[in-house]
Amino acid sequence: MEQQFVEVEKAVIRFAGDSGDGMQLTGTQFSDTSAEMGNIVNTFPDYPSEIRAPEGTLYGVSAYQIHFGATNTNTPGDKIDVLVAMNAASLKVNLKDVKKHGILLLNKAGFKDKNLKLAKYESNPIEDGSLKGYQVFAYDINEQVRRVLEDFDLPPKMIDRTKNLFALGLAYWLFDRPLEPTQNWLNKKFGKDEKIRDANLKVFKAGYNFGAMGQDLAVRYIVRPADLRKGIYRNITGNNAVALGLAVAAQKAELPLFLGSYPITPATEILHFISGYKQYGVKHMQMEDEIAGITSAIGASYGGALAATTTSGPGLSLKVEAMGLAVMLELPLVVVDVQRAGPSTGLPTKPEQSDLLMALWGRHGEAPIPVLAASTATDCFDMTIEAARIAIKYMTPVILLTDGYIAQGSEAWKVPTLDELPDISIKFATDKETYAPYKRDPETLARPWAVPGTPGLEHRIGGLEKDNITGLVSHDPLNHQRMCEIRAEKVERIVQDIPDLVVDGDESGELLLVTWGSTWGSARNALASLREKDLKISHVHLKYLNPLPANLGDIMSNFKKILVPELNLGQLKILLQYKYMRPIIGLNKVQGNTFTAEEIANKIEEILLSEGVSK
Amino acid sequence: MITQLDGLINKEYTEIPQYTPKDFKAPIDVRWCAGCGGYSILSQVQRIMPDIGVPKEKIVFVSGIGCSSRFPYYMDVYGFHSIHGRALAIASGLKVARPDLSVWVATGDGDCMSIGGNHMIHASRRNVDINVIMFNNEIYSLTKGQFSPTSRVGQKTKSSPFGVLDDPFNPSSLALGSGSTFVARGYDNNPSHMKHLFQRAAQHKGFSFVEIYANCVIFNDGAFDEYTRKETRPTSTINLEHGKPLVFGFKNELGIIMDGYKPKVVNLDEGKYSVNDLIIHNEEDSTLALILSDMSFNPELPRPMGVIYAESKPTYDQKVTWQINDLIERKGEGNLEDLMRGDEWWEIK
Ligand code: SF4
């Protein structure tokens, strides 16, 4: 049969297998190579919360999804074009997400009686006709790699372990990817052990050739490089971007970085990255608990460091009291909350946006804190620097919300140079003639930062209410009211220092879509599909939740209806209703994953239809 | 990396001003009750400060919540009165970020051993170079009289009207068990002894834990009379001195021998034992330290006072700095732009 090329704008591939099958690695290679050849790439790993779930089971399935395109992909993609499934369980778990007539690349060796039983299949789906409606390509990959490595004196177990590279090679052939990036990577990774390296290289190439020689895979797909701006690029996850953002923010603030943290899914990777930054003079402490994580950071901030703590919902709950202390002390602090599904332990590896109201209001007393939210993996970098900038300039703790979805998902990032990034440094107080601990900058209302070691500025601060200006303990009721108001006003004034919203679409109309955080991507894709149908919808995306951008109220007033999709039961909706005194339509989902573009588009169409708006 | 703090951290002092204790008195009234044990602790701390060899601006006192935690307000140095239990975690972060500072923590039995217990054992195990003074009054005083983790079994307090059921912590054993490298105990009405302990703590590089019996005249008055009054003190306590035999009593007629692995009181006047049979105190012996500390709650034995243990080993903050310097030496100072780019990057031309 003749092999032919079909050009597509975007495609979604998911590699799925057992936890031990190396699917995360396989997916990362596919994603890195695609990005390197110029595609726009969004990825999402999906793995069980058990570390080594029993082999072959439904709950032991690990997957990695890549959305790659010649134009903006925005999200890791909703429906899958190609599913690579290494065993029966991984087919069972992932089939529901595959498009009609989508391609299934199956490893027959993973569909033996034992596999079928563990996956709770009554008969073999490859043979029983239940996969009608898909393009099924099933090969015994284990058998293939054994044949390829016949001459290699390697234990059978090791030979079997290379099967993911065979599947990867086949996928490269299918999407016409260059082999060199992965070959280079294999060379580097297994350089020390020649035999293993050669075996891996051989199997990878064999997978590719298998596609070329094969009789049944007749169509190959081409996804052309995107028209990207010139520069250096890399793939980056949100967690990695936060870690880099902190290190870069410290440099741009001319302060040492200190991270006080405690391991928690899905934020732990930030701690991993930062613990490796020793060469950059970065200090970190893995503390005994979440409370010590934040309080050690407050101690470091008192000492003049750019201090941060990183956590997820359960940890944020534990840090609440200390955040109140930071509000009272008026010390800079960056608190990163990688949100996950709650309450309590909830769904630890699954994303949600349900910590918003806690970030805004979850403290005792009047304790305002600026709250920012990142919208994509790469935006995590910018928003981390922004959080640090606000923290230092306004002498305040700042909460940055990300979530498990963008924290673990990756996309290509145009790496900035340090010169391109803003200088966010401020000066410590040194003048003993004019210094008073709570004497404020008239514009920002920030108090001066006087760090120990500065002669003549010895002073005492603490959690007790402070006398305005002198900072001495004060129980005066009028002073307390005044200080509460000043602290609130200080945070409100930040509104002058954040960008106005720019509406995507018309400035007025039937429907305004308002999003925040990681739902940005699904919303973008939904809008794109609706605009193809000539529906007019406008969109604003919020990166600042406290204070809200100054022009949000005006923008909202120009629309008849406002829709807020969010991964909670209506938290931004509550905020906007209360702030702007008008009804908001919510689209709410708490299912451990993000919106599909279709879900948002359907909701929009439903609203417009009920309004009788015709296309 | 060059930072704004470098000048402060690396500042060389050719000469430290000749301070007097008065220089460390903050211009503010001390607000403890008249007769509170806190006063004598404060005045001894102020006394040693001129001689610890640290410029005033490099000294920080951190505290949590409780009567004792008001301490930083009364010291004219940098001070940080934080939230309940967290002083040690705050001080740890501060000391690691700023190894050039002399960091002190004033805390109480509730603050340190109860709500802050987790931070206590971990700061201790890490050997962060912090000096902890724990005011032990065996009661929650600021909340007006509930039993604390050092209150005694049977003690009647506002929250234990029929007597405390919980066994108390022995603070020195907890400190030793969690790895403190300096452990000492003193009491509020022996100023010169306290002063000596504070001086030793200040000299000690590493986590030092000094427990002071501090009388709360309001909620637990007289709790330590047995150990602090001169009528009973000679037989109820023993003063530990490095390299000296364990003798006590009104005329030093009593001593401690090892009976198997248990300490036992003997009377030297009876002629059966001489000073040569007694345990010789060795501050650096960790096994002996545990045995001595364990004498505390044994009614047959005197309660040890003084330096129970002193071990010299690298501190956590030093190790953090060494690790950084070592990496920079081996791999060169990191370039952030390289870090941003990572290993797997590509260029669009
Ligand atoms: S209540 Fe007790 S501990 Fe508190 S100040 Fe008064 S005497 Fe001291």
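When the residues of the stretch A:333-354 are filtered to those that are in a loop (DSSP other than H, G, I, E, B) and among the β-branched types (Val, Ile, Thr), which remaining residue is surrounded by the fewest Cβ atoms within 10 Å (Cβ to Cβ)? Break it down into steps so the answer makes sense when it comes.
Looking only at the stretch A:333-354, we keep the residues that are in a loop (DSSP other than H, G, I, E, B), and these are A:340, A:342-346, A:348-354.
Among the residues that remain, those that are also among the β-branched types (Val, Ile, Thr) are: A:345, A:349.
Working: A:345: 12, A:349: 17.
Applying the filter and picking the extreme gives A:345.
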Exercise. Identify, please: which residue in the stretch B:226-273 is assigned to a helix (DSSP H, G or I) and open to solvent by 50 Å² or more (accessible area, probe 1.4 Å) and is, among those, farthest from the ligand (Cβ to nearest atom)?
Worked result: B:270
For this session: With respect to residue A:301, determine if the residue is more than 14 Å from chain B (Cβ to nearest Cβ) and outside any loop (DSSP other than H, G, I, E, B).
Result: no
Exercise. Filter the stretch B:1-43 for residues that are away from the ligand (no atom under 16 Å from the Cβ) and among the small types (Gly, Ala, Ser); which is least open to solvent (accessible area, probe 1.4 Å)?
Worked result: B:26
For this session: For the stretch A:512-535, indicate whether the set of residues that are free of Cβ contacts under 8 Å to residues at least 60 places away in the same chain, farther than 21 Å from residue A:373 by Cβ and buried (at least 20 other Cβ atoms within 10 Å of the Cβ) is non-empty.
Result: no
For this session: Can you tell me which residue among B:60, B:153 is touching a Phe, Trp or Tyr at 6+ places or on another chain (Cβ under 7 Å) and either facing chain A (nearest Cβ under 10 Å) or not in a helix (DSSP H, G or I) (or both)?
Result: B:60
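Can you confirm whether residue B:143 is assigned to a strand (DSSP E or B) and hydroxyl-bearing (Ser, Thr, Tyr)? Quick ask: steps written out before the conclusion?
On the way: assigned to a strand (DSSP E or B): no; hydroxyl-bearing (Ser, Thr, Tyr): yes.
Spelling it out, it is not the case that residue B:143 is assigned to a strand (DSSP E or B) and hydroxyl-bearing (Ser, Thr, Tyr).
Against the definition (more than 14 Å from chain B (Cβ to nearest Cβ), open to solvent by 70 Å² or more (accessible area, probe 1.4 Å) and hydroxyl-bearing (Ser, Thr, Tyr)), how does residue A:430 come out, yes or no? Give the steps one after another, and end with the answer.
Details: more than 14 Å from chain B (Cβ to nearest Cβ): no; open to solvent by 70 Å² or more (accessible area, probe 1.4 Å): yes; hydroxyl-bearing (Ser, Thr, Tyr): yes.
Taking the combined requirement at face value, the residue does not satisfy it.
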Seminar exercise, completed: Restricted to the stretch A:161-187 and to residues being over 22 Å from residue A:39 (Cα atoms) and in contact with a strand residue (DSSP E or B) (Cβ under 8 Å, 6 or more places away or on another chain), the residue least open to solvent (accessible area, probe 1.4 Å) is A:164
Exercise. Which residues, taken from the stretch A:253-295, are at the interface with chain B (Cβ under 10 Å from one of its Cβ atoms) and of a type in the set (Gly, Ala, Ser)?
Worked result: A:253, A:260, A:276, A:281, A:292, A:293
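Condition check ((1) closer than 13 Å to residue A:601 by Cα; (2) touching a Gly at 6+ places or on another chain (Cβ under 6 Å); (3) modelled with pLDDT under 95) across all residues:
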site: A:490; (1), (2), (3): no, no, no
site: A:498; (1), (2), (3): no, no, no
site: A:507; (1), (2), (3): no, no, no
site: A:516; (1), (2), (3): no, no, no
site: A:523; (1), (2), (3): yes, no, no
site: A:535; (1), (2), (3): yes, no, yes
Seminar exercise, completed: When restricted to A:420, A:458, the only residue more than 40 Å from the chain's Cα centre (by Cα) and within 11 Å of chain B (Cβ to nearest Cβ) is A:458
Exercise. From the list A:502, A:491, A:495, A:451, which residue is farther than 30 Å from residue B:346 by Cα, surrounded by fewer than 14 Cβ atoms within 10 Å (Cβ to Cβ) and not assigned by TED's automatic domain parsing to the domain that holds residue A:365?
Worked result: A:502
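I'd like to check something: does the stretch A:145-160 contain any residue that is within 24 Å of residue A:11 (Cβ to Cβ) and crowded, with 21+ Cβ neighbours inside 10 Å? Spell out the reasoning first.
The initial filter retains those residues of the stretch A:145-160 that are within 24 Å of residue A:11 (Cβ to Cβ), namely none.
So far as the stretch A:145-160 goes, no, none of its residues is within 24 Å of residue A:11 (Cβ to Cβ) and crowded, with 21+ Cβ neighbours inside 10 Å.
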Seminar exercise, completed: The condition of being open to solvent by 10 Å² or more (accessible area, probe 1.4 Å) and in contact with a helix residue (DSSP H, G or I) (Cβ under 9 Å, 6 or more places away or on another chain) holds, among B:126, B:98, only for B:126
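So which residues in the stretch A:392-414 are open to solvent by 20 Å² or more (accessible area, probe 1.4 Å) and either within 12 Å of chain B (Cβ to nearest Cβ) or of a type in the set (Asp, Glu) (or both), if there are any at all?
Initially, the stretch A:392-414 is screened for residues open to solvent by 20 Å² or more (accessible area, probe 1.4 Å), giving A:393, A:405, A:411-412, A:414.
Passing the criteria: A:411, A:412, A:414.
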Problem set entry | Unique residue being crowded, with 24+ Cβ neighbours inside 10 Å, more than 16 Å from the ligand (Cβ to nearest atom), more than 12 Å from chain A (Cβ to nearest Cβ) and of a type outside the set (Val, Ile, Thr) when the list is B:137, B:131 | B:131
Problem set entry | Pick from the stretch B:330-349, criterion within 7 Å of another protein chain (Cβ to nearest Cβ), part of a loop (DSSP other than H, G, I, E, B) and at pLDDT 90 or above, ranking: most open to solvent (accessible area, probe 1.4 Å) | B:333
Problem set entry | Any hit, the stretch B:198-216, residues being part of a helix (DSSP H, G or I), touching a strand residue (DSSP E or B) at 6+ places or on another chain (Cβ under 9 Å), open to solvent by less than 20 Å² (accessible area, probe 1.4 Å) and within 16 Å of the ligand (Cβ to nearest atom) | no
For this session: Would you mind telling me which numbered condition in (1) open to solvent by 20 Å² or more (accessible area, probe 1.4 Å); (2) touching a Pro at 6+ places or on another chain (Cβ under 6 Å); (3) away from the ligand (no atom under 16 Å from the Cβ) residue B:52 fails?
Result: (2)
Exercise. Out of (1) away from the ligand (no atom under 16 Å from the Cβ); (2) over 30 Å from residue B:251 (Cα atoms); (3) in contact (Cβ under 8 Å) with a residue 60 or more places away in the chain, what's the single condition that is false for residue B:179?
Worked result: (3)
Problem set entry | Hits in the stretch A:222-239 - residues which are surrounded by fewer than 24 Cβ atoms within 10 Å (Cβ to Cβ), at the interface with chain B (Cβ under 9 Å from one of its Cβ atoms) and of a type outside the set (A, V, I, L, M, F, W, C) | A:225, A:229, A:230, A:231, A:233, A:234
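Kindly indicate whether any position in the stretch B:48-56 is part of a loop (DSSP other than H, G, I, E, B), facing chain A (nearest Cβ under 10 Å) and farther than 30 Å from residue A:280 by Cα. Break it down stepwise before answering.
Just the residues of the stretch B:48-56 that are part of a loop (DSSP other than H, G, I, E, B), to begin with: B:52-55.
Adding the requirement that they be facing chain A (nearest Cβ under 10 Å) leaves B:55.
Filter again for farther than 30 Å from residue A:280 by Cα, leaving none.
The answer is no, given that none of the residues of the stretch B:48-56 is part of a loop (DSSP other than H, G, I, E, B), facing chain A (nearest Cβ under 10 Å) and farther than 30 Å from residue A:280 by Cα.
Of everything in the stretch B:98-128, what is in a strand (DSSP E or B) and within 16 Å of the ligand (Cβ to nearest atom)? Give them in sequence order. Reasoning before the result, please.
Pass one, the stretch B:98-128, residues in a strand (DSSP E or B): B:102-108.
Within the stretch B:98-128, B:106, B:107, B:108 meet the criteria.
Could you tell me which of the residues B:315, B:287, B:321 is within 14 Å of chain A (Cβ to nearest Cβ) and out of contact with any Asp or Glu (no Cβ under 8 Å at 6 or more places or on another chain)? Steps first, please.
Details: B:315 fails: out of contact with any Asp or Glu (no Cβ under 8 Å at 6 or more places or on another chain); B:287 fails: within 14 Å of chain A (Cβ to nearest Cβ).
It is B:321.
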Exercise. Under the condition of being among the charged types (D, E, K, R) and without any contact (Cβ under 8 Å) to a residue 12 or more places away in the chain, which residue from the stretch B:211-228 is farthest from residue B:190 (Cα to Cα)?
Worked result: B:221
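The values are calculated or read from the model by the stated rules, or taken from the named source; none is laboratory data. From a predicted model like this one, the values you see are computed outputs, not experimental measurements. In this analysis, Cβ positions are derived from the backbone assuming ideal geometry, glycine residues included, and neighbour counts consider all displayed protein chains. For the accessible areas, the whole protein counts, side chains as well, though only heavy atoms, and no ligand, DNA or RNA atoms are used. Shrake-Rupley method; radii C 1.70, N 1.55, O 1.52, S 1.80 Å.
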